[in-house]
Amino acid sequence: MIGAVLALIGATLIGAGLARQHAAAGTVEEHAAMDPRLFLKLMRRKSWLIGVALANGGFVFIASGIATGRLSIVEPIGATQVLFALFFAARASGRHLSRPEWIAAGAALAGVGGFLVVAAPQEGASIDPAVSWSVPIVGLVVLVVAGLVFSRALSRTQRGVVLAALAGLTFGTSDALIKVMSDHGAGGLVTHWSLYAWMAAGTIALLLQQSAYQATHLGAAMPATSTLAPTTATLLGAAMLGEQLRGGWAVPVEIALFGLLLMGVARLAASPVLSDDATPAVALVAD
């Protein structure tokens, strides 16, 4: 219960922060994907710094939820951050949500609520994963490198979507690593590999995310990130951390409800309210 509440607060703060970050990222000159100079220029934008502060505050709540709860509960709730991003962007631009957008919001909420009720996630027994954590981590590195190379030949919008998808995979892995870190005390964490893997994954994910926001509008970038991150973390929670969901008859229902959540999130993230023509109004604080 505590983990779910923390996740909801975190999703609200992250949604507000993402709206501001994207507004600021669209005002700087284009750089190559993951170019550190992009960060240096964004750090001069007050709107971006406020967005980062909000998102980081939300991350603290999400991370606390992961540490005290279960990935299969926190991640689906955390995915609703796109719903809050849409609400904040709509308010800033003075726009009203359409009926399809409200339907998508209802679908996302019904999906996450139904999934949590039917799946009844439980903490699994402390088991060693069937494969080493090096397998998903190395696989992620290969995907990121291949995706960066492949995206160079794509149009700007297509490149943004690919970068957003890579960001989603990396954020999901980073979230799963938080759970690994929480199983080790503060004293032993400094010498444990999970801390450094998490730091690297988090930095790469943030660079990919900001590069995606610069390449295309929020409505094109957020669906991939917002759906792949919770999916990746939930799958890693089951495969690597032994988290258990209700089986038998509930499995197809769980898949359907999780799919309903992801479809609702994807539809919300693609809303015209988050498109480029709404960006100037989102930047509420002058740079």
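The values are calculated or read from the model by the stated rules, or taken from the named source; none is laboratory data. The structure displayed is predicted, hence computed values, not measured ones. Heads up, the Cβs are rebuilt from the backbone with ideal geometry, glycines too, and the neighbour counts pull from every protein chain shown. Keep in mind that these areas ignore ligands, DNA and RNA; they rest on the heavy atoms of the full protein, side chains included. Shrake-Rupley method; radii C 1.70, N 1.55, O 1.52, S 1.80 Å.
General remarks:
- Accessible carbon and sulfur surface of the stretch 160-256 relative to its total accessible area, %, 1.4 Å: 74
- Length gained on full extension, F150 to V117: 7.8 nm, using 0.36 nm per residue less the C-alpha separation.
- Rolling a 1.4 angstrom probe over the protein heavy atoms with all chains in place gives the stretch 38-119 an accessible area of 44 Å² per residue.
- Full extension of the chain between T203 and R37 yields a length gain of 58.3 nm, computed as 0.36 nm times the residue separation minus the alpha carbon distance.
- Listed residues H96, H184 arranged by accessible area, highest first, probe 1.4 Å: H96, H184
- Estimated FRET transfer efficiency (V138, L97; beta-carbon r; R0 35 Å; 0.05): 0.25
- For the stretch 130-167, the set of trypsin sites (Lys or Arg not before Pro) satisfying both a DSSP loop assignment and a count of at most 12 other C-beta atoms within 10 Å is given as R152.
- Å² per residue, accessible surface of the stretch 232-271 at 1.4 Å: 44
- Solvent-accessible area per residue for the stretch 152-195 (1.4 angstrom probe, square angstrom): 44
- Taken along its three principal axes, the alpha carbon spread of the stretch 124-258 comes to 46, 43, 22 Å, from the longest extent down to the shortest.
- By accessible area with a 1.4 Å probe, ligands and nucleic acids excluded, highest first: order of I9, I66: I9, I66
- Length gained when the stretch M263-A110 is fully extended (0.36 nm per residue, less Cα-Cα span): 53.9 nm
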